[in-house]
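Heads up: the structure comes next, in structure tokens.
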Amino acid sequence: MKKRLIRIILAVALLGMLGAGIWYAQLSNRHKAIVKKWLLQHSGIADASWKTSNASGHYRMVSPTFLLDGIYKSMEGPKASNYVQLTPDSSLIWITRFDVKAFDADSGERLSNDFICHTNIDFNDAAYFSSFGLNDRVGQQYPRMTSLSHGLEDFALPEGFGIPMKGNELLYVTTETLNHNDPDIRKWVRHEIDIDYTREKLKPLMSRTVFIQLPYNKADPFKGPLDPGATQCLPVETKNHSYTDPSGQTYSGHWVIPPGKRTYRASIDDMLRLKDSARLHAAALHVHPFATHMTLRDVTTGKTVFESTIRNHRNRIGIDRIGDYVSETGTTLYANHSYELVLETHNTTAVNQDMMGSAFLFFYDAELDRKINTKKR
């Protein structure tokens with residue numbers, strides 16, 4: 001009887017392992033990374049802790065260890081998130097710069113930026129706007145302050161400008177790894193994220209996130225290839241970065257680009273939501289490899305607000321540098337004008353690749369400036 005019970009337990013365990021293996025094999029690369037990270041951290045093999053330090057005007061976070069053990073394209077690699085407070089008190093500070101680097105977790109050696117996918121800096125919009133008496137802004141936009149990504153791993157706001165916030169308000173930082181080129185890799189990696197701030201009063205900037213979103217056929221989203229002149233896209237997936245407008249049309253902000261050159265464009269008026277003219281002073285861009293140019297264009301006048309040249313690696317997949325826009329003088333955008341993002345791509349491989357095109361735009365915030373100055377009197 002005892003031997004029979006043992007055999008039953010072993011059979012059930014074997015079936016469970018077989019079922020788990022089948023389930024795991026069917027997961028996407030992104031979800032496999034999530035499962036592996038969870039197992040490695042909960043078994044104690046990987047260090048799950050964040051390490052932080054805070055000197056005057058400089059906050060540093062070092063991520064948990066990530067195992068890179070194969071190809072992880074954009075949006076697929078192991079990642080981690082952490083809530084941080086830049087100061088222990090509620091006094092006003094001004095964020096001026098963001099930076100992320102990759103290091104070998106064992107040796108401490110600086111690694112290529114090819115191991116950095118993106119680092120997102122999010123804020124609590126309810127706490128942030130209510131602290132300045134701007135409750136009408138709560139829930140009006142995705143609460144992302146900015147994002148660093150492969151090709152733009154450091155970004156500084158123009159001299160004399162900053163993002164104001166109470167120092168002890170929470171920021172939510174997520175950083176993700178990347179590996180486009182080495183299928184045989186086995187490396188433990190950490191990310192080091194730095195945020196610079198000052199207590200000196202600056203001119204306040206507000207962040208507004210805009211991105212290219214393209215329509216797709218909800219009934220048959222992955223049917224391709226599309227006609228080169230079609231306005232539709234093939235989404236990478238329909239669960240994430242997928243949006244529906246009031247008419248029921250579905251859009252994707254993460255789509256497939258075929259081999260060769262393509263140009264994609266999309267209106268950003270609904271994301272800008274300009275109520276009056278606004279002065280643009282900075283823009284941090286996020287694109288994937290094989291993007292070559294991004295332009296913010298005034299459709300009403302036909303003029304270019306700014307253009308970014310994206311320099312890709314020559315002998316491997318990846319981005320050397322994404323051109324940003326930083327200007328103390330700034331450029332005025334108008335509420336009665338229409339604007340679009342235009343993205344040019346050149347897929348030099350023989351297979352489909354994935355693409356995104358986003359811009360984190362920083363405008364001078366005259367209303368917030370008045371609020372801050374009024375509170376001081």
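Values for this structure:
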| read-out | value |
| --- | --- |
| Nearest-20 debye value, the chain charge dipole, Cβ charges on Lys, Arg, Asp, Glu | 1080 |
| Accessible area of F123 in the full protein assembly, 1.4 Å probe (Å², nearest 10) | 30 |
| Estimated Rh, the chain: Kirkwood, alpha-carbon pairs, angstrom | 22.6 |
| Loop-located trypsin sites (Lys or Arg not before Pro) in segment 221-264, at most 13 other Cβ atoms within 10 Å (DSSP) | K223, K239 |
| Rounded percent of accessible protein surface that carbon and sulfur make up, segment 254-360, 1.4 Å probe | 44 |
| Spatially proximal lysines relative to K79 (Cα-Cα < 16 Å; intrachain offsets below 8 disregarded) | K32, K36, K37, K51, K101, K187 |
| Scattering curve values for segment 241-377, log₁₀ I(q)/I(0), Debye with Cα scatterers, q = 0.11, 0.21, 0.22 Å⁻¹ | -0.49, -1.30, -1.36 |
| T146 long-range amide H proximity, modeled H, under 5 Å | I121 |
| W188 accessible area, 1.4 Å probe, all protein chains in place, Å² to nearest 10 | 50 |
| Positive-end extreme of charge dipole, segment 267-356 - chosen from T345, Y334, I319 (charges on Cβ) | I319 |
| Radius ratio Rg over Rh of segment 207-313, counting only Cα atoms, Kirkwood formula for Rh | 0.96 |
| Cα-centre dipole for segment 223-377 with unit charges at Cβ (Lys and Arg positive, Asp and Glu negative), debye to 20 | 360 |
| Share of carbon and sulfur in the accessible heavy-atom surface of segment 76-212 [1.4 Å probe, %] | 45 |
| Per-residue HN-Hα couplings for segment 48-62 [Karplus 6.51, -1.76, 1.60; θ = phi - 60°; Hz; x = Gly/Pro] | 8, 8, 8, 10, 10, 8, 9, 8, 4, x, 8, 10, 10, 10, 10 |
| Solvent accessible area, Å² - R316, 1.4 Å probe, full protein context | 120 |
| V210, V305, V236, reordered so the largest accessible area comes first (probe 1.4 Å) | V236, V305, V210 |
| Under 19 Å from K223, Cα to Cα: lysines that are on another chain or at least 8 residues apart | K239 |
| Spatially proximal lysines relative to K303 (Cα-Cα < 30 Å; intrachain offsets below 8 disregarded) | K203, K261, K275 |
| Per residue solvent-accessible surface (Å²) - the chain, probe of 1.4 Å | 50 |
| Lys, Arg +1 and Asp, Glu -1 on Cβ, resulting dipole of segment 315-377 about Cα centre, debye, nearest 20 | 480 |
| Candidate residues T238, T65, T349: accessible-area rank, largest first, probe 1.4 Å | T238, T349, T65 |
| Net length gained if the chain between W38 and L14 were fully extended (0.36 nm per residue, minus Cα distance) | 6.4 nm |
| Lys/Arg +1, Asp/Glu -1 at C-beta; the chain dipole; positive extreme among T292, F363, N124 | N124 |
| Segment 12-152 - Rg (one decimal) and Dmax (whole number), Cα, Å | 19.1, 60 |
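The values are calculated or read from the model by the stated rules, or taken from the named source; none is laboratory data. Everything quoted here is computed from the prediction, not taken from an experiment. All Cβ positions, even for glycine, are placed from backbone atoms using ideal geometry, and neighbour counts span all protein chains on display. Note: accessible area is taken over every heavy atom of the protein model, side chains too, but ligands, DNA and RNA are not part of it. Shrake-Rupley method; radii C 1.70, N 1.55, O 1.52, S 1.80 Å.
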